[in-house]
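Reviewing the structure listed below.
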Amino acid sequence: MKKKNNSQRGMALIMTLWLVIILAVMVFELVNLVRVESNVVINFKEDAQGYSLAEAGIIQGINSLLNDKSKDYDSLDDDWAQEISQELETGSFTVKIVDEQRKININEIDSAILKEFLKLWTPLKNDELTESINDFKDANLKKWDGSIEDEGNKNLLFDTIEELQLVVARQASPGIDLEEENLFSRLKNYITVTGKINLNMVDNKTLATLMFEAGTYTELSNPELEKTLEEYEKMADKAIDFRKVSRGIDPKKPKKQGERAFTVNNTSTRLISALGEEYYERIEPYITWLGKINVNTAPKEVLSAFFLGILGADSGHFADEIISARNNSPFKTYQGLDEITDFTTINTANDYLPVREYLTVKSAYFTIEAIGRPRESSLTKKITAIVEREESGGRFQVKILSWHSE
């Protein structure tokens, strides 16, 4: 009987130990689950705080653009061009504003300028890379030499600069490893797709593609008005011919005073005459007559490529002269450029326009990058917004064109 009792007590002890072990495991798992859920809640809270802080930074950046004191020009000395940092109760944010018009717009830039720009980064195959960029964005399925394009081209205008990475990857220069040299990462800070297409810079193929794209993919598309790409190209040729005639290239039509380019006073009438009112209405939201490259903010790489592409090998010094002059005082008007050289007497390589029709001292498009950092946290949240700024009634207005968070 005593042995039996001892056996029962031993069994009870073993069962108790197992029960303790099971309970300990359950408690450990419960604590671990609570810890994980707690971390999830904390991360969610910090993520929301980081987003709110970055959003506050975007608002601060917009306010900086709205309160710009120099309404007639934009320069790197302006308040908006300085990095903003601010501490709040829940954390901090930093804001950086970049003028998109300090860059080259690959949707509209002249091929000669683009080629000179690419030479700065890759001395090999820049002709092929220029052609590939043009083939990627124009709706025509043939290369510029008339041969059939390779597969993989979008055949529409660039929507994001990341699309350029596809073109660069396919045209890697011999001896250059894109993984090591990362050509695209070096190019992307100098290029943009933001803004309207400048009629004083665009070529006929790009304008034809814009007409094709607007007629096919926008709310203004009308099957009854659709044309073939070849017909759009002929219409684009007719529109761009105005630039030649207005410069007096056609001997039968002498140059008229004040009509050397598309301007605020003649753009609509010229395009309606060339394209027809219905087709003009399609592309009107996407075009401009204003200069695109801001000489007050453009880096030397962009200015050098511009002058070399337009004026030739002996014009690289203009970039240095402009940068030296603006370091003393930003250009407030075009007349300031005339102090460097008489831009009114220098024509582009194709004899269409004077150089200054490509340039501006005032910008309309900006990228605002804001990074939010919650207090006592390693997490950061970044928001990038592209905005358009316009002046109306003596006051600035800002419209958000795109918004991306990460």
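The values are calculated or read from the model by the stated rules, or taken from the named source; none is laboratory data. These numbers were taken from a predicted model, which means no experiment stands behind them. Glycine gets a Cβ as well: all are built from the backbone with ideal geometry, and neighbour counts include every protein chain shown.
Quick one: which residue in 74, 79 is in contact (Cβ under 8 Å) with a residue 12 or more places away in the chain and either surrounded by fewer than 16 Cβ atoms within 10 Å (Cβ to Cβ) or among the aromatic types (Phe, Trp, Tyr) (or both)?
79
May I ask you to list the residues in segment 370-397 that are under 13 Å from residue 80 (Cβ atoms) and surrounded by fewer than 19 Cβ atoms within 10 Å (Cβ to Cβ)?
396
With 333, 297 as the choices, which residue is at negative phi and surrounded by fewer than 21 Cβ atoms within 10 Å (Cβ to Cβ)?
The match here is 333.
Tell me, which helices (runs of 4 or more DSSP H) lie completely within segment 189-303 with 2 or more residues that are of a type in the set (Asp, Glu) and either more than 28 Å from residue 118 (Cα to Cα) or modelled with pLDDT under 80 (or both)?
229-246, 277-283
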